[in-house]
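Worksheet: one structure, shown below.
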């Protein structure tokens, strides 16, 4: 499945569960790890885990399973690795602290 379609599915899954500040960054020119990051924020560790579960469920419906999942136990920063697309789901304070948008500030934000 094309990365842009995966991104759209991730964004919709996050918005469906009221995830905040959902953005996608195009890192293809700046990062060898992944082509795109999708970031979203939850209001509690439970909310962040619900976002992760919904993203995984929606992508599984399309036959996509994550290569790796990290942080699901704590629910402060959950990383879902879908190859070219890496999803970062944060508790709002954790997102503010790590500020990936600032770190990757040169990346293009996709609408």
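Scanning the range 52-60 finds no residues that are within 17 Å of residue 35 (Cα to Cα) and either crowded, with 19+ Cβ neighbours inside 10 Å or modelled with pLDDT of 95 or more (or both).
Any residue in the range 55-62 that is in contact (Cβ under 8 Å) with a residue 24 or more places away in the chain and assigned to a loop (DSSP other than H, G, I, E, B)? Scanning the range 55-62, I find at least one residue that is in contact (Cβ under 8 Å) with a residue 24 or more places away in the chain and assigned to a loop (DSSP other than H, G, I, E, B), so the answer is yes. Condition first: touching a residue at least 24 places away in the same chain (Cβ under 8 Å), surrounded by 16 or more Cβ atoms within 10 Å (Cβ to Cβ) and assigned to a loop (DSSP other than H, G, I, E, B). Can you find one or more residues in the range 95-105 that meet it? Checking the range 95-105: at least one residue is touching a residue at least 24 places away in the same chain (Cβ under 8 Å), surrounded by 16 or more Cβ atoms within 10 Å (Cβ to Cβ) and assigned to a loop (DSSP other than H, G, I, E, B). In the range 16-38, the residue that is surrounded by the fewest Cβ atoms within 10 Å (Cβ to Cβ) out of those that are within 9 Å of the chain's Cα centre (by Cα) and over 15 Å from residue 66 (Cα atoms) is 23. Every listed requirement among (1) closer than 20 Å to residue 25 by Cβ; (2) part of a helix (DSSP H, G or I); (3) touching a strand residue (DSSP E or B) at 6+ places or on another chain (Cβ under 9 Å) is met by residue 81 save one, (2). Looking only at the range 1-15, which residues are surrounded by fewer than 19 Cβ atoms within 10 Å (Cβ to Cβ) and either touching a helix residue (DSSP H, G or I) at 6+ places or on another chain (Cβ under 6 Å) or assigned to a loop (DSSP other than H, G, I, E, B) (or both)? Scanning the range 1-15 gives 1, 2. Would the range 65-74 turn up any residue that is modelled with pLDDT under 95, over 11 Å from the mean Cα position of the chain (by Cα), closer than 15 Å to residue 5 by Cα and outside any strand (DSSP E or B)? Within the range 65-74 (the criterion being modelled with pLDDT under 95, over 11 Å from the mean Cα position of the chain (by Cα), closer than 15 Å to residue 5 by Cα and outside any strand (DSSP E or B)), the answer is no, since none of the residues qualifies. Can you find a residue in the range 23-35 that is more than 16 Å from residue 103 (Cβ to Cβ), outside any helix (DSSP H, G or I) and touching a residue at least 60 places away in the same chain (Cβ under 8 Å)? There is no residue in the range 23-35 that is more than 16 Å from residue 103 (Cβ to Cβ), outside any helix (DSSP H, G or I) and touching a residue at least 60 places away in the same chain (Cβ under 8 Å).
The values are calculated or read from the model by the stated rules, or taken from the named source; none is laboratory data. The shown structure was predicted, so the numbers you read here are calculated from the model rather than taken from an experiment. Methodologically, a virtual Cβ is constructed for each residue, glycine included, from the backbone with ideal geometry; neighbour enumeration extends over all protein chains shown.
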